Every structure is written in C-alpha cells, then in structure tokens.
Amino acid sequence: MSVLSHAAMFAPGPAGDPRRNLVGLSRSQLGEALASLGLEPFRTRQVWHWLYHRGATSFETMTTLAKPVRAKLAEAFTIGRPTLATDLASADGTRKWLLRMADGQEIESVHIPEEDRGALCVSSQVGCTLTCRFCHTGTQRLVRNLEPAEIVGQILHARDALGEWPAPPDGRLLSNIVMMGMGEPLYNYDNVAQALQIVMDGEGIAISKRRITLSTAGVVPVMHRCGSELGVNLAVSLHAVTNDLRDQLVPLNRKYPIAELLDACRSYPGVHNARRITFEYVMLRDVNDSLADARELVRLLRGIPAKINLIPFNPWPGAPFERSNPAAIQSFGDFVNAAGYASPVRTPRGQDIMAACGQLKSASLRASAILRAAPSATPASLNGAAAAAERETAPPA
C-alpha cells in the first residue's frame with residue numbers, strides 16, 4: 001500500500017515577487033545577471049557551485065561570499081524552487097512527488113531506486129502536447145511548457161529528498177535522468193536543452209550525458225538537433241509496427257510516419273553498436289503483441305543499433321486497453337532476442353501509487369479540485385484527500 005511520507009504543503013510561493021530567479025539560468029545568463037549588480041566574474045562560479053553542487057536554498061548559506069555580497073544578491077534575486085504538494089512512497093521503494101510551480105500549476109516526477117543507482121523521471125510540460133491513447137498523461141490537456149528552472153527544480157528537489165548535497169562523486173541515489181515524465185520533451189526543446197546543460201555541467205549537478213535519456217514520440221525535425229547539441233541517449237516511443245495502428249496509438253505518427261521516424265533514428269548523432277537507440281514498446285493485449293508484430297518490428301529496425309524495452313501496459317482508470325498476458329510477452333521477447341536485439345521486459349515500478357510508465361497524470365489533481373472547491377480546507381485534510389485519490393485509482397495488487 002502507498003503511504004504519504006511527508007505532510008502536504010499547499011501554499012504556493014510568493015506571488016508577484018519582482019526579483020529574478022537564478023535557478024535555471026545558463027552560466028552566461030547567470031554571469032550577466034551578477035554583472036548587472038557590479039559583481040566580479042568569479043562570483044558566477046561561486047554562486048553556480050552553491051546552487052548546483054551544494055544545493056543552497058538561500059543566499060545566507062553561501063558562506064564563501066562576503067555578507068554585503070549576499071545581501072546584495074538577496075535584494076535583487078531569488079532561488080526559486082518548486083513547492084512539494086505530496087510525497088508518495090511505493091512498497092517497492094519508488095517515490096512520486098507532486099510539485100507545485102509558482103503559478104500554482106502542478107507536475108509529477110518519480111524516483112526509481114535500484115540496488116546501486118537510481119533514476120529520476122522528469123517532466124517537461126504541464127500536461128502533454130500529445131494524446132497517446134495508452135498513456136494517462138495524454139488524457140490531460142496541455143497547459144504550458146515548463147521553464148528551465150522548473151525542470152532543473154525537479155532534480156534539485158530529488159537531491160533534497162535523498163539527502164545528496166553536496167553532490168557525491170560516486171554511489172549516487174540519483175545517478176540517471178530520464179526525460180520520460182509528463183509531456184513531450186522535443187516540443188519544449190529549448191527549455192529542456194538549457195536545463196540539461198545545467199544538469200551536465202561538471203561543476204554542479206554533474207550527471208554525464210551518458211546517464212541521461214530523452215524519450216520522444218517522434219518529433220522528427222528536432223531529433224538531430226537534440227543529438228548534436230546535447231549528445232544524450234535517445235528513447236523512441238514506437239509501440240506499433242504499422243502506420244495504421246500507430247496513427248491510433250500515437251497520433252503524432254500522422255505527421256511523422258514510421259519510415260520518416262526510423263530514418264531520423266538511423267542518422268541520430270553518435271548512435272553505434274555500443275550506444276544504441278532504445279525503442280519503447282508497450283505491450284497491449286491482442287493489439288500489438290503477436291509474433292507477426294515481432295517479426296515486422298525486427299524487419300523495421302534492421303540496420304539501426306537498437307534495443308527494445310518491452311513495457312507491460314500499466315492500467316489506469318478508464319484505460320481502453322489491457323496488459324498482454326505473460327506468455328505473449330515472453331514469446332514476443334524471445335523472437336526479438338533471437339534476431340539479435342536485446343529486449344528486456346521492464347518491471348513495472350510504483351504501480352500502487354500510479355507512478356509506473358504511462359500512469360503520470362496524478363490522482364492528486366483531485367486534491368487540487370478539492371482545494372479549489374474548499375479553499376478553507378486544512379493541509380492535513382487535503383493531504384488525506386490526495387492519498388485517498390491515489391489509493392482509489394491505483395490498480396489492485
């Protein structure tokens with residue numbers, strides 16, 4: 001059963017604060033901001049270190065800066081972070097955080113621990129541009145893109161929650177980033193790219209591009225730019241081997257059909273046998289899970305260094321599909337493996353808190369509705385409402 005491990009905090013950050021947020025600025029933007037106060041160039045490196053290596057949440061803690069400098073910074077700038085609304089812990093150790101932005105909009109991020117590492121699933125939009133039929137997020141309308149500060153803020157919050165400040169060089173609980181949360185990252189590319197450049201900077205959060213994976217449904221015109229500018233790993237949400245079916249499951253296919261998408265994969269910068277593209281394939285009962293589908297998948301991927309993640313469908317309330325039975329998944333995977341493509345079956349994580357792949361819409365939205373309907377409700381009662389909503393919508397164990 002899921003548990004709520006922190007008290008809910010429903011008060012958004014101060015509205016109308018005229019100070020500029022330093023979180024999410026590139027190094028050059030940060031330098032320009034500090035220079036506008038007459039501060040020397042070396043201050044940029046100091047502040048960067050405190051923000052992204054030490055996880056500072058106030059200027060007062062930046063003790064390598066003189067008190068007058070800290071006072072000047074606090075007068076002109078702020079260190080803006082998302083506010084925690086709910087913190088849900090799964091029986092399998094997965095954590096799902098509902099985070100509130102300064103304008104009151106909410107997004108989810110998920111930490112998935114492994115024995116020697118941990119991945120953070122990061123959102124790029126409030127809602128989603130796309131309407132993939134098997135994905136719960138796709139049933140939520142797009143509200144807006146996230147800013148770089150809001151993308152980086154998810155990682156800063158995870159480090160807070162995991163107690164990883166200063167950033168440890170080895171043995172990190174947060175070692176990998178997967179841009180697989182709410183939204184289509186390549187439809188918010190500029191903001192995502194700026195955020196990931198901050199994440200990859202060796203003097204701050206310092207997560208290597210080799211440990212970052214960006215997942216796309218196939219925004220073909222931006223894929224090459226992503227590879228050449230960021231060099232991160234690419235994951236492609238494929239899910240079907242014919243255009244007719246993919247048009248239904250992933251409507252973006254009508255704009256960028258399978259052949260065009262796979263051509264973009266073949267030319268993705270840096271792809272080779274040691275650095276493959278991951279194709280994500282959700283297993284839907286009697287929809288895309290036959291041996292004929294497996295055979296066509298192998299044919300389509302010929303010549304692309306690839307592995308295929310087989311994802312048992314994770315149910316959500318009102319979903320129009322069912323999970324493929326284990327025998328069908330096994331047969332599909334065995335065929336693809338025999339053809340020379342690694343095809344691990346992804347173990348569902350965090351299902352009891354609706355944190356598994358394709359489930360991020362958040363029953364916590366119900367708690368938000370309660371808040372709007374009853375603004376005098378106490379944080380404790382709203383906290384309980386969010387937890388109850390999660391339990392109600394989670395699939396049975």
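Structure data summary
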item	result
Test: residue in segment 255-264 that is in the same structural domain as Asp116 (by TED's automatic domain parsing), at pLDDT below 95 and more than 22 Å from the chain's Cα centre (by Cα)	no
Residue check, Ala274 more than 21 Å from the chain's Cα centre (by Cα), loosely packed, with under 13 Cβ neighbours inside 10 Å and either closer than 26 Å to Ile212 by Cβ or of a type in the set (Asp, Glu) (or both)	yes
Cβ-Cβ under 9 Å pairs, at least 6 apart or on other chains, segment 130-152 side under 25 Å from Pro315 (Cβ atoms) and touching a residue at least 12 places away in the same chain (Cβ under 8 Å), far side in a helix (DSSP H, G or I) and of a type in the set (Gly, Ala, Ser)	Leu130/Gly138; Thr131/Gly138; Cys132/Gly138
Condition check for Ala259: among the small types (Gly, Ala, Ser) and under 30 Å from Ile198 (Cα atoms)	no
Residue match in segment 240-262 (condition: touching a strand residue (DSSP E or B) at 6+ places or on another chain (Cβ under 6 Å) and farther than 30 Å from Arg210 by Cβ)	no
Any hit, segment 314-336, residues being in a loop (DSSP other than H, G, I, E, B), under 26 Å from Cys265 (Cα atoms), at pLDDT 95 or above and in the same structural domain as Ile277 (by TED's automatic domain parsing)	no
Criterion: in contact (Cβ under 8 Å) with a residue 12 or more places away in the chain and more than 21 Å from the chain's Cα centre (by Cα) - qualifying residue of Leu284, Leu310	Leu284
Verdict on Ala85 being part of a strand (DSSP E or B), among the aliphatic types (A, V, I, L, M) and either in the same structural domain as Asp170 (by TED's automatic domain parsing) or in contact (Cβ under 8 Å) with a residue 24 or more places away in the chain (or both)	yes
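The values are calculated or read from the model by the stated rules, or taken from the named source; none is laboratory data. For clarity, every value in this text was computed on a predicted model and none was experimentally measured. When we count neighbours, we look across all protein chains shown, and the Cβ atoms used for this are built from the backbone with ideal geometry, even at glycine.
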